[in-house]
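The structure appears below as structure tokens.
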Amino acid sequence: MAYETIEVKIEAEKVGIITLNRPKALNALNDQLMTELGEALKAFDADDAIGCIIVTGSEKAFAAGADIPAMAKYNFVDAYKGDYITRNWETVRSIRKPVIAAVAGYALGGGCELAMMCDFIIAADNAKFGQPEIKLGVIPGAGGTQRLPRAVGKAKAMDMALTGRMMDAQEAERASLVSRVVPLDKLMDEALGAALAISSFSLIASMAAKESVNRAFESGLADGVMFERRLFHSLFATQDQKEGMDAFVNKRTAQFKNQ
Ligand code: CO8
């Protein structure tokens, strides 16, 4: 499929890379971009060769938020009835393979929310995160008030949502919003290295790990632990479990077949 607002490529035949590409608008997330992003994510999710997906932007901006001029003209009925702004955003959450956000530059508003919808964030040292919607007379609308406090705690989430200030990459790492910070020129190497490592393991196991970690945000501890245990037990029905453990016992490298 030909895309206009994103670029899509496959690295090492197993990592899908989606680059947001509206440079003149700092990758502002309009309806077309979110539709194309959703299509590309679904295509990689359905491609048996792909073990991990990276979503990235430019060196200046991962994404500077939802498209403000496009939003500016909506009234409540447009926004609510047509679901214009929100309708394409849920796709990201529905992807079952691991998705890494490789963030350089601005990740603001919907850009920060998009990064947080991914499974983890690797940041360049020039990354800046923020939820500045308050300055526009609104609040975050794609999970910012929910995922940010789960990542960084109430104090910082309130600070960000109420003052609209940005958090730099170092603060974001200290606050556990991002898993790693690397020099800008190493960002894609780092993200690709992580994606290749993930792709070398059993896809069934990585999907189960993703599902189980995400469950931690949806349930109490006892329910979450039981959910994890059931998934853990179920993995003993896979050939990949036999292969992984046999390879360890026999001191060889496992060859997972995602079965
Ligand atoms: N939407 C549209 N265009 C944008 C956006 C945006 N969010 N951000 C930047 N641009 C455009 C600018 O208008 C400018 O275009 P032009 O050259 O035609 O004037 C171009 O990108 C470059 O921007 P600047 O000249 O402003 O660049 P600076 O380096 O001076 O500043 C900033 C960079 C600080 C990032 C600045 O552009 C800025 O503050 N942008 C707006 C950030 C913002 O408020 N983001 C939140 C938007 S609201 C939101 O995301 C709600 C999410 C709800 C999701 C709901 C769905 C479920």
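Values quoted throughout were computed directly from the atomic coordinates according to the rules given, and no laboratory measurement underlies them. Source: prediction; values computed, not measured. Reconstructed Cβ throughout: ideal geometry from the backbone, glycine too, with neighbour counts over all protein chains shown.
Applying a 10 Å radius around every beta-carbon, put 181-187, 146-152 in order of their mean neighbour count, most first.
Values: 181-187: 16.1, 146-152: 18.3.
The most tightly packed comes first, giving 146-152, 181-187.
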Fill in: Given charges at Cβ of Lys, Arg, Asp, Glu: the chain dipole, positive-most of Leu162, Ile10, Thr86
Leu162
Worksheet item: Near Lys154, which lysines are there with a Cα under 26 Å away, not counting those fewer than 8 places off in the same chain?
Response: Lys128, Lys135, Lys210
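Would you compute, from DSSP H runs of 4+ residues alone, the mean residue ellipticity of the chain at 222 nm, taking -39500 (n - 2.57) per run and dividing by the full residue count, rounded to the nearest 500? Walk me through the numbers before you get to the answer.
Details: 12 runs with 118 residues, N = 259.
Rounded to the nearest 500, it is -13500 deg cm²/dmol.
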Practice prompt. Can you check what the net charge comes to around Gly65, using other residues whose Cβ is under 11 Å from the Cβ of Gly65 (Lys, Arg +1; Asp, Glu -1)?
Written response: -2
Fill in: Calculated FRET value between Lys242 and Arg215, using beta carbons and R₀ = 25 Å, to 0.05
0.45
Discussion item. Output wanted: per-residue J couplings in Hz (rounded whole) for segment 169-175, from phi through Karplus 6.51 cos²θ - 1.76 cosθ + 1.60, θ = phi - 60°, x for Gly and Pro.
Written reply: 4, 5, 5, 5, 6, 4, 8
Response to the item:
Quick calc: nm separation of the 7 Å Cα→Cβ label points for Val77 and Glu59 -> 4.9 nm
Response to the item:
So Ile139 and Lys42, fully extended at 0.36 nm per residue minus their Cα-Cα distance, gain in nm 32.1 nm
Worksheet item: Does anything in segment 173-195 have its amide N under 18 Å from the 7 Å Cα→Cβ label point of Arg150, and if so which residues?
Response: 175-179
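Note down the magnitude of the dipole of segment 6-199 about its Cα centre, charges +1 on Lys and Arg C-beta and -1 on Asp and Glu C-beta and zero elsewhere, to the nearest 20 debye.
On the way: 22 positive and 25 negative charges, 121 e Å.
For this selection, approximately 580 debye.
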Fill in: Helix 31-46 axis, angle to the chain major axis (alpha carbon atoms, nearest 10°)
0 degrees
Discussion item. With θ taken as phi - 60° and the coefficients 6.51, -1.76 and 1.60, list the Karplus ³J(HN,Hα) couplings across segment 146-156 in order, rounded to whole Hz; mark glycine and proline as x.
Written reply: 9, 7, 4, x, 5, 7, 10, x, 5, 4, 5
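Among 37-43, 7-13, 88-94, how do they line up from the highest to the lowest mean number of other beta-carbon atoms within 10 Å? Walk me through the intermediate numbers first.
Working: 37-43: 18.7, 7-13: 12.7, 88-94: 16.4.
Ranked from most to least packed, the peptides come out as 37-43, 88-94, 7-13.
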Worksheet item: If you project the alpha carbons of segment 203-250 onto the principal axes, what extent comes out on each, in Å, largest first?
Response: 39, 17, 15
Response to the item:
The simple spin-label model distance between Leu196 and Asn258, using points 7 Å out along Cα→Cβ, in nm, is 1.8 nm
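Students often check this: by mean Cβ neighbours within 10 Å, which of 121-129, 234-242 ranks highest, and how do the rest follow?
Working: 121-129: 24.7, 234-242: 13.9.
Highest mean packing first, the order is 121-129, 234-242.
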Worksheet item: Over all distinct Cα pairs, what is the inverse of the mean 1/r for the chain, reported as the Kirkwood hydrodynamic radius in Å?
Response: 19.2 Å
